Amino acid sequence: MDDKLKINNQQYKIIDTKEKMTVPDCFVLNSNKIGKGNGEAKFYVGNDNNETRNFFGERGFNINCFLLKKDLIKYLDDCKDEYLHPEQPYQQKDKMPFLWEERYKQIQNLPEFLPFTLDEQTQLIGPRVYVKSKDDIYKLIREISLPNITYLAAIKLEDNDNNIIYYFRLFVDYFGSIENKKIIEQEIQNIEDSKSSENQKLQLTKARIGQGKYREKLLELCPFCPITMVSDDRLLIASHIKPWAKSNQKEKLDPYNGFMLTPNMDLLFDKGFITFTDDKKMLISPWLSRMTCSKLNLVPNKKYDKLPVEGREKYLKYHREEIFKS
């Protein structure tokens, strides 16, 4: 990951990243709840240890934070399928589509930069660190977040005057996947209901999971992972660059819309934590911590000469603009 981040024409130094803080059912407002009881305003950010303290501060910390409107819009776009076709048993399940429309309009009317503060809840004794805020933006987080499939991440930043500020962002994770299971099932059903030939249906269905002729042609073009150089095809995944769900029928079967990647690289690429430039350099999301990058041996702007970019430029452009967590 790069050590600089530019936001609203201001340059910040990245100190570190807190990668994942799951939003539980007890935190969200009643309209989004699955279980019973009223939502709790406090939010768990980690155990009371050196890692948490080094990131957030000593006991009793009060920190300045912000969200970006464009990130909130992206979050609502990413979880729109869950709002419209709920997989979880929300208390107000029938109202979820209406709530999505209402919240989307609400966020569109907000300014781009959304500041708020977080206070540690020192009255709570125990090994867990909780925060809370009286700001409206904090309440908005509780209002739009869907429990269990939402997590918060934060980047600790330092501005040119050595002031520390925390950049928070909401992300969707469908229990380990970036997609709603019901939507995947519906896509497969749509293929079966289409007027395509049986062979075309079979190839589209197989391409959805990186199999069939799509995988065969991709292996012919690139019989190894260009990042790890692993060539054992049992360990390689045929990964779409432009996601299958966002592709037209031709793009879904186009072997140039893919890379052969080992599972760890496939997951990083699929979830937008890494991407590539047209000159074969890896870009690393600032939403990965330095520790994770070190453990995975990820080096920002490292060039991978064996990366087959030619013919994939338009797909990589889509990935950088729409999938990469910049």
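Points worth noting:
- Relative contact order, percent, the chain [alpha-carbon distance under 8 Å, six or more residues apart]: 19
- Only Lys, Arg (+1) and Asp, Glu (-1) charged, at Cβ; segment 4-172 dipole about Cα centre in debye: 80
- Rough spin-label spacing in nm, given labels placed 7 Å along Cα→Cβ, for K36 and N64: 4.5
- For the chain, a crude dipole built from +1 on the beta carbon of Lys and Arg and -1 on the beta carbon of Asp and Glu, taken about the Cα centre, is about 120 debye to the nearest 20.
- Considering only L307, L235, L99, the mean-square fluctuation computed in a Gaussian network model of the chain, springs between alpha carbons under 10 angstrom, is largest for L235.
- Projected label points at K317 and N47, each 7 Å from Cα along the beta carbon direction, are separated by 4.8 nanometres.
- Cβ-based exposure ranking for M265, M96, in which fewest neighbours within 10 Å come first: M96, M265
- Protection proxy ranking of 118-127, 237-246, 223-232, by the mean of other Cβ atoms within 10 Å over each peptide's residues and highest first, is 237-246, 223-232, 118-127.
- The HN-Hα couplings worked out from phi for segment 145-158 by the Karplus form 6.51 cos²θ - 1.76 cosθ + 1.60 (θ = phi - 60°) are 6, 9, x, 6, 9, 10, 9, 9, 10, 9, 10, 8, 10, 10 Hz, whole numbers, x standing for Gly and Pro.
- Near D135, the amide H atoms lying under 5 Å from its own belong to T117; only residues 5 or more places off or on other chains count, and H is placed 1.01 Å from N.
- Within segment 153-175, backbone nitrogen closer than 13 Å to the virtual label 7 Å beyond the Cα of K4 toward Cβ: 160
- Partner lysines for K105 [C-alpha distance under 22 Å; skip if fewer than 8 residues away on the same chain]: K33, K69, K70, K74, K80, K93, K95, K139
Every number in this text was worked out from the coordinates using simple rules, so none of it is lab data. Keep in mind that what you see is a predicted model, and the values were worked out from it rather than measured. Note: ideal-geometry Cβ built from the backbone for every residue, glycine included; neighbour counts use all protein chains shown.
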